[in-house]
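Below is one structure, written out as structure tokens; comments come after it.
The values are calculated or read from the model by the stated rules, or taken from the named source; none is laboratory data. Remember, it's a predicted structure, so these values are computed and weren't measured experimentally. We place every Cβ from the backbone using ideal geometry, glycine too, and count neighbours over all the protein chains shown.
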């Protein structure tokens, strides 16, 4: 069963929605345009990885990148959720990694193919334990960072999102519908880079939760 920890509770996960190009500087570093609406892709629940297991890189890629992100857990699903009501549907917040086989993604883009092989491999959705939403007054005030082998790689400010958490929830609920237990990876800031065997990754959602993974 695909699940995450929310406080002392285990929550079964439904869909894993991911938002691409949600920080202008990250879009620019990869040479991508800024979108007019949230760019959505999916990961299978088999991609979920908690801190009890190391990251195992897929053998078909030689260029897997870290993408550190604020992760949102939906506690109450719904359709056509208004932005002003959206945060009331959140059960918890955490920190995670949207791992990306960049070489595979680049080839898929050139061929006009889906990104699933690049984004959905086992262990490609690393998620920390989650903190209850009641502990977060405003998710757009959250800051987070990623250190690899002790060196700062990514420094995120949710206030710089092109599409706020509330806007993302509203958009996803309108297009696809949201269910209890859905996860949203809300986008990564600039600073993505390759990881290799032996790397130690330390993630922090400032003042809330931290997480650690080693690359096998």
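Scanning segment 15-39 for residues that are assigned to a strand (DSSP E or B) and in contact with a strand residue (DSSP E or B) (Cβ under 6 Å, 6 or more places away or on another chain), we see that the one that is farthest from residue 97 (Cα to Cα) is 39.
Scanning segment 16-40 for residues that are touching a residue at least 24 places away in the same chain (Cβ under 8 Å) and surrounded by fewer than 20 Cβ atoms within 10 Å (Cβ to Cβ) returns 21, 24, 25, 28, 29, 30, 34, 35, 37, 40. Only a single criterion out of (1) at negative phi; (2) touching a residue at least 40 places away in the same chain (Cβ under 8 Å) is not satisfied by residue 123, namely (1). Would you check if there is a residue in segment 160-174 being in a strand (DSSP E or B), within 22 Å of residue 40 (Cα to Cα), in contact with a strand residue (DSSP E or B) (Cβ under 7 Å, 6 or more places away or on another chain) and at pLDDT 95 or above? Within segment 160-174 (the criterion being in a strand (DSSP E or B), within 22 Å of residue 40 (Cα to Cα), in contact with a strand residue (DSSP E or B) (Cβ under 7 Å, 6 or more places away or on another chain) and at pLDDT 95 or above), the answer is no, since none of the residues qualifies. Of all residues in segment 45-73, exactly one satisfies the criterion of being under 15 Å from residue 203 (Cβ atoms), touching a helix residue (DSSP H, G or I) at 6+ places or on another chain (Cβ under 9 Å) and outside any strand (DSSP E or B), namely 67. Among the residues making up segment 141-180, those that are in contact with a helix residue (DSSP H, G or I) (Cβ under 7 Å, 6 or more places away or on another chain) and surrounded by fewer than 15 Cβ atoms within 10 Å (Cβ to Cβ) are 141, 159.
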